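Working notes, beginning with the structure itself.
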Amino acid sequence: MPQFPIDLSKYAPLKIDPWTQETLTAEQKDTWRANIQLCRDAIIFFTACAAAGGFGGHTGGAFDTTPESTLMDAMFRGRPDKFVPIFFDEAGHRVATQYLFSVLHGHMPAERLMDYRKGHKGLPGHPELGLTPGVKFSSGRLGHMWAYINGVAFANPDKIVLMLGSDGSQMEGDNAEAARLAVAQGLNVKLLVDDNDVTIFGHPSQYMPGYSVAKTLAGHGLPVQETKGEDLDALYAAVRQAVISTGPRAVISHRKMAVGIKGLEGEIEGHDVIAVKLAVPYLEARGYTAAVDILKSIKGGPKDPISTYIGAGALGSNRGTFGTAVVDVLSRMSPADRKAKVLAIDCDLASSTGLDAIFKKYPEICVKGGIMERGNISAAAGFGMEKGKQGIFSTFAAFLEMCISEITMARMNNSNLLCHFSHSGPDDMADNTCHFGINNFFADGGLEDQYTTRLYFPADAGQVTAVVERIFNEPGMRFVFTTRSKTPPNLGRERQASLRQGLQVHPWQR
Ligand SMILES: Cc1ncc(C[n+]2csc(CCOP(=O)(O)OP(=O)(O)O)c2C)c(N)n1
């Protein structure tokens, strides 16, 4: 493995004491600015390594919040007696921050960053306690962290707990409960929210008009300060005020997604991993030729270094097929019937669960529901309360665990609900355990003699189509599960055997 091409020893261990410093000295500001730039350059490089290797990853969120994370680091150093020194982040996909600070704090060598998101390398897409050196908490399911750090604050009454927040994560209902508890109990939790108006499936200002992070939090009684995230003086003043005041506070940083990155700024694509073709000019402009050389030398190989594909025939996308199969059924309905009888609600993951096919073809029956699984599944179920109508709902199977109670109430209201839970089971993608959909049977939690609940796990794309065709017009609760990975076509034994001739396979695979 080549040497990490950006010299991280240049990161300066800045110390800031917000209680004694109303403003920063010019020298401190220069150092802070240099730290931000260094971190941003490193994040661009190692997340782009993942892109070059054919992996996913997230660049924009971690890149954008470096002013906040480097300031947190400086305050942790300046007043170690005052803080729980953990970079809690409710948007776990910004894990690049955690891995970078793990290196900066000496827990692992910088070279490991070049394995970001690779399977079996211990740097998955969301932080997991005990898996990666230096990582101090687990995160990755949006909207779960604030409630948790309230407890950390209860356990550390003499300390302040900081949490990086995001506008997407703040959509989750749990945050409303967490806010009320924090305010009522005067907990010393401080939220530094990156309000960049981007989530996966769009701009919240467009698909969720009326939603304001600042007004929402203020409505819960939380003192809120809005600021420009890239104005370091203003950011420092806002964070300082939040930190030195007692009780919960939120600083809302407005900035564009992937701020300053040509071709990515303000774009939805900035949420995901930066494309190599954008990372190269960025790094070239910053003079990192060795980094560019490494990026260009990375070959996109098989994603899983352990297993080899021995299936028969071309792989098919089961999760994508769910959407196209539903579109096929819908196309046989009259426009008036479609509109009256079907409502599809997405939770910001339509591009991953196949629902985007329905959005493209029949937008009039689709709702971009934002990152609110519990509320959205209930809304879909409520639409399907009447005989002859049905709601369609989809998200990742991991988040089915969030919806179990809503599923019970939907069942008891005799709802007609067709759910698609994609990304079922553990997968070769280095996401982490919180993204494994391993509790699918929890969907079938009703009493057998009272309600019928049906779970389907089609094995290949052909079966997905067949299942959707068969169950679409059936009443009640129907759950379709699909894997993240594509799957081989499920052929007859003889055909499989003939295709395998000449392949080196273990006896049990014959
Ligand atoms: C409970 C839950 N639902 C959905 C997701 C999938 N997901 C990951 S990131 C994301 C969008 C997040 O937007 P935001 O938090 O604003 O982050 P940014 O786009 O600024 O990086 C979604 C829907 C998830 N991780 N957890």
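Each value in this text was obtained by applying a stated rule to the coordinates, not by laboratory testing. Please read all numbers here as calculations on a predicted model, not as lab measurements. So basically every Cβ, Gly included, is an ideal-geometry build from the backbone, and we count neighbours across all protein chains shown.
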(message) If you wrap a convex hull around the alpha carbons of the stretch 8-297, what volume per residue comes out, as a whole number of Å³?
(response) 118 Å³
(request) Sort the following peptides by mean Cβ neighbour count (other Cβ atoms within 10 Å, averaged over residues), highest first: 66-73, 278-285, 442-449, 142-149. (result) 66-73, 142-149, 278-285, 442-449
(request) Can you tell me how much longer the chain between Arg33 and Phe154 gets when fully stretched, taken as 0.36 nm per residue apart minus their C-alpha distance, in nm with one decimal? (result) 40.2 nm
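I need the shape label for the stretch 103-142. Rule: rounded when a/c is under 1.5, else prolate if a/b > b/c, else oblate, with a, b, c from the alpha carbon gyration tensor.
It is oblate, given that a/c is not under 1.5 and a/b is not larger than b/c.
Quick one: pull the percentage of alpha-carbon pairs in the stretch 81-203 with a separation above 23 Å. Please list the in-between numbers first.
Working: 2605 of 7503 pairs.
More than 23 Å apart: 35 percent of the Cα pairs in the stretch 81-203.
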(request) Beta carbons within 10 angstrom, averaged per residue: use that to sort the peptides 36-47, 386-397, highest first. (result) 36-47, 386-397
(request) Report the label-to-label distance for Leu129 and Asp233 in nanometres (one decimal), using points 7 Å from each Cα along the Cα→Cβ vector. (result) 4.2 nm
(message) To the nearest 20 Debye, how big is the dipole of the stretch 318-481 about its Cα centre, given +1 on the beta carbon of each Lys and Arg and -1 on that of each Asp and Glu?
(response) 660 debye
(message) Could you tell me the calculated FRET efficiency between Ala312 and Asp427, based on Cβ-Cβ distance and R0 = 22 angstrom, to the nearest 0.05?
(response) 0.60
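Could you sort out which of Lys190/Lys228; Lys339/Lys387; Lys361/Lys387 sit more than 19 Å apart by Cα distance in this structure? It would help to have the intermediate numbers written out before the result.
Values: Lys190/Lys228 17 Å; Lys339/Lys387 15 Å; Lys361/Lys387 25 Å.
Pairs exceeding 19 Å: Lys361/Lys387.
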(request) Express in nm, to one decimal, how much length is gained between Lys339 and Ser245 on full extension, taking 0.36 nm for each residue of separation and deducting their alpha carbon distance. (result) 28.6 nm
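With n ≥ 4 as the cut-off for DSSP H runs, can you work out [θ] at 222 nm for the chain, using -39500 (n - 2.57) per run divided by the number of residues, rounded to the nearest 500? Can you show the working numbers first?
Numbers: 19 runs with 190 residues, N = 510.
Result for the chain: -11000 deg cm²/dmol, rounded to the nearest 500.
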(request) Based on a Kirkwood Rh over C-alpha pairs, give the Stokes-Einstein translational diffusion coefficient of the stretch 394-477 at 37 °C and viscosity 0.692 mPa s in µm²/s. (result) 238 µm²/s
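Can you tell me the length gained on complete extension of the stretch Ala459 to Ala218, counting 0.36 nm per residue apart and subtracting the Cα distance?
82.0 nm
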(request) Please check which bits of the stretch 116-157 a label hung off Ile438 would reach, taking the label as a point 7 Å along Cα-to-C-beta and the cut-off as backbone N under 17 Å. (result) 120-132, 138-141
(message) Using alpha carbons only, how many angstrom separate the centre of the stretch 439-454 from the centre of the stretch 402-420?
(response) 10 Å
(request) Using only Cα atoms, figure out Rg for the chain and give it as a multiple of 2.2 N^0.38 Å. (result) 1.03
(message) Based only on Cα atoms, what mean projected area does the convex hull of the stretch 318-481 have, in nm²?
(response) 8.7 nm²
(request) Report, in debye and to the nearest 20, how large the dipole of the stretch 394-480 comes out about its Cα centre when Lys and Arg carry +1 and Asp and Glu carry -1 on their Cβ. (result) 260 debye
(request) Starting from the amide H of Gly143, placed 1.01 Å from N in the peptide plane, find each other amide H under 5 Å away whose residue is 5 or more places distant or on another chain. (result) none
(request) Evaluate the distance, in nm, between pseudo-label points positioned 7 Å from the Cα of Lys389 and of Asp81 along their respective Cα→Cβ axes. (result) 6.3 nm
(request) Enter the Cα centre distance for the pair the stretch 40-63 and the stretch 124-185, rounded to the nearest angstrom. (result) 24 Å
(request) Of the options Gly60, Leu491, His126, report the single residue whose Cα projects farthest towards the positive end of the charge dipole of the chain (beta-carbon charges: Lys, Arg +1; Asp, Glu -1). (result) Leu491
(message) Need one word for the stretch 274-363: rounded, prolate or oblate. Basis is the Cα gyration tensor (sqrt eigenvalues a ≥ b ≥ c); a/c below 1.5 gives rounded, then a/b vs b/c decides.
(response) oblate
(request) Place +1 on the Cβ of every Lys and Arg and -1 on the Cβ of every Asp and Glu in the stretch 318-481, take the dipole about the Cα centre, and give the residue among Gly391, Leu418, Leu330 whose Cα lies farthest towards its positive end. (result) Leu330
(request) Kindly state, to the nearest 0.05, the FRET efficiency for Asp7 paired with Ser405, given R0 = 45 Å and r defined as their beta-carbon distance. (result) 0.30
(message) Compute, for the chain, the length of the dipole vector about the Cα centre, with Cβ point charges of +1 (Lys, Arg) and -1 (Asp, Glu) only. Units Debye, rounded to 20.
(response) 900 debye
